[in-house]
Amino acid sequence: MKLLVTGGAGFIGSNFIHHMLEKYPDYEIVNFDKLTYAGNLENHKHIENNPHYTFVQGDITDLEKLNEVIEKYNIDYVINFAAETHVDRSIHGGCKDFVLTNTLGVQMILDAVKKNNIKKFVNVSTDEVYGSLELEDPSQFTEETPISPNMPYAAAKAGGDMMCNAYFVTHGVPVVVTHCSNNYGPYQFPEKLIPFFVFKLLAGENVPVYGDGLNVRDWIHVRDHASALDLLLHEGVAGEIYNIGSDNERNNMELTKMMLEILGFGEEKIEYVTDRPGHDRKYSIDASKIKKLGWKPVYTADKFRQGLEETINWYKENTAWVEGLRNKKKDEMNKFQDSLEHSKDKMKSNT
Ligand SMILES: NC(=O)c1ccc[n+]([C@@H]2O[C@H](COP(=O)([O-])OP(=O)(O)OC[C@H]3O[C@@H](n4cnc5c(N)ncnc54)[C@H](O)[C@@H]3O)[C@@H](O)[C@H]2O)c1
């Protein structure tokens, strides 16, 4: 397989590339990434001299460059992770880049896939496109659940997913779309909840919890997500959607308390902040369709604590990676801090 991985310098794309090179050392992988604040080539330090791995800096909205790379490396499969992914940025920082990359960028990849007769394209998307469930609602998102995004990030992702469907129906482009739940694991940019909390706690600071802390997410280990995508790249049926999740639903408070316990802190470290506008209450994924293809997660709900502990230890032990981020991306890490300070101020003025 000669595989183009777009957005392979981010959190999930990096873990996916590591998974693929470990499992299929003969595959050729080209990582095509714009290197936004979220892209980090340090994630691939240990494979940068691997002759089966190539990095090309590029933007998925640049069709010419996509075509050039696909032709140059004789690419026959494509998987897309490239996206603007931080919900809070799409709320507080404007969402033009979200629409450009998450919708238009996917359409550009579809054009390149069509032109170059690619055998299969997997577009990695999110369960957030389904909108929100109520806490007491026992139902789950299936592949038939209508797309109903509430946040700009999710709407822009849904736009990309709709383009995939349209290109399959209209042009027969062999595309598979995935909707996965919240990921955790190594190499995640520390604006997202788990590494963000780890960094704050290790620095002796409090951790901010949105609203009442009861919002529910289904947490999946990033390596389980990678193995699901590996299976779909090989066996996913073109034109189909697949949900990916680990049946591991936790509310934010439960997750926060588990992290505090693992790191040896008490609940006095919790600081409540004004809820995120449009904050979806609950996501719940029915992943039975992909399980029928033979996929199952290693980190099931009963192994969540173990997975979380390993993840926390990874951030504690990989000090060079952490310090590298602090030195190079300090301003970007502080941007998110600003929006939280804003939430705290709002909370104070409301009370
Ligand atoms: N993180 C999660 O919990 C989660 C859950 C479900 C689905 N997803 C989806 O998985 C994918 C990857 O998420 P992630 O958490 O690894 O994101 P991330 O923010 O860590 O990484 C995104 C990567 O895309 C690159 N990128 C951004 N815009 C680009 C462009 N225009 N052209 C080329 N590269 C560009 C960035 O440089 C970065 O390397 C996204 O599509 C996201 O919607 C994420």
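The values are calculated or read from the model by the stated rules, or taken from the named source; none is laboratory data. Quick caveat: nothing in here was measured; it's all calculated off a predicted structure. Please note: Cβ atoms are built from the backbone with ideal geometry, for glycine as well, and neighbour counts cover all protein chains shown. Each accessible area value is taken on the protein alone, full model and side chains, heavy atoms only, with ligands, DNA and RNA left out. Shrake-Rupley method; radii C 1.70, N 1.55, O 1.52, S 1.80 Å.
Some notes on this structure:
- Karplus-derived HN-Hα couplings along the stretch 115-132 (A = 6.51, B = -1.76, C = 1.60, θ = phi - 60°), whole Hz, x at Gly and Pro: 5, 9, 6, 5, 6, 7, 10, 9, 9, 7, 10, 10, 5, 5, 5, 7, x, 10
- Accessible-area value, Arg223, 1.4 Å probe, nucleic acids and ligands omitted, Å²: 70 Å²
- Full-extension gain in nm, Asp26 to Met253, via 0.36 nm per residue minus C-alpha separation: 77.3 nm
- Added length on full extension, which subtracts the Cα-Cα distance from 0.36 nm per residue, Glu235 to Lys45: 65.4 nm
- Normalised Debye scattering of the stretch 3-57 at q = 0.13, 0.32 Å⁻¹ gives log10 I(q)/I(0) of -0.25, -1.57, counting only Cα atoms as equal scatterers and leaving out solvent.
- Ordering of 323-329, 230-236, 118-124 by packing [mean C-beta count within 10 Å, highest first]: 118-124, 230-236, 323-329
- Report note on the peptides 171-180, 257-266, 85-94: ranked by the mean count of other C-beta atoms within 10 Å, highest first, their order is 171-180, 85-94, 257-266.
- Both the radius of gyration and Dmax for the stretch 89-187 are 14.7, 47 Å, in that order, over alpha-carbon atoms.
- Per residue Cα convex hull volume in Å³ - calculated over the stretch 167-246: 128 Å³
- Assigned charges on the beta-carbon of Lys, Arg, Asp, Glu; the stretch 219-287 dipole about Cα centre (debye): 180 debye
- Convex hull volume of the stretch 205-277 per residue (C-alpha atoms, cubic angstrom): 125 Å³
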